[in-house]
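The values are calculated or read from the model by the stated rules, or taken from the named source; none is laboratory data. Worth saying up front: this structure is predicted, and the values here are computed from it rather than measured. Glycine also receives a Cβ, built like all others from the backbone with ideal geometry; neighbour counts cover every protein chain displayed. Heads up: the accessible areas ignore ligands, DNA and RNA and are worked out on the full protein's heavy atoms, side chains in. Shrake-Rupley method; radii C 1.70, N 1.55, O 1.52, S 1.80 Å.
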Amino acid sequence: MSEYYFDTNDVISNIDNLKAGDRVFLSGVVYTARDAAHKRIMQLLESGEKLPFDLENAFVYYAGPTPTPENMAIGSCGPTTSSRMDKFAPTLLDLGLGGMIGKGPRNQNVVDAIVRNKAIYFCATGGAGALASRCITSCQVIAFDDLGCESVKKLIFNNFPLVVGIDSYGNTLF
């Protein structure tokens, strides 16, 4: 297994080199979205409305951070179970989403969409949200504020530790 340090802007251009099991320390812009936010994003797509962020080569982290403590950019920010977003992921990948971050296996439709779109699925360590938050330097709510922790947030990662769970060839840790 290899180890890489990438900015989110560089992942897609290096996607052919990333293999399931590789460790990646990711920096750059990542958006949070969980179940409720995904439902709203799909409603916006269906009605032809503008999305809260450009999907093209974007990365979505399936997380719902806790409230932000004083002197921190964000509260605990660990991954949620990715399979809950499996019904949304193929559509978002087909529209240009570059990658997803979460925990656990994905269904075959998601794997097929990853391969079809040369995308990637990263796994974050579950149960380590407080430690992960130290690798997030900025957090800004950009959509669906009424959803609280499930609102869409723009995060800035700084060497956030991940493992390639499903690579662009469909190889998987699971």
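Here Pro52 fulfils each of the conditions (1) open to solvent by 70 Å² or more (accessible area, probe 1.4 Å); (2) at pLDDT 95 or above; (3) not small (Gly, Ala, Ser) apart from (1).
Filtered by the rule that a residue be surrounded by fewer than 16 Cβ atoms within 10 Å (Cβ to Cβ) and modelled with pLDDT of 95 or more, segment 58-85 gives Thr81, Arg84.
Taking the conditions (1) closer than 19 Å to Phe174 by Cα; (2) touching a residue at least 40 places away in the same chain (Cβ under 8 Å) in turn, Val60 satisfies each one other than (1).
Considering only residues in segment 14-40 that are surrounded by fewer than 16 Cβ atoms within 10 Å (Cβ to Cβ) and of a type in the set (A, V, I, L, M, F, W, C), the one that is farthest from Val163 (Cα to Cα) turns out to be Val29.
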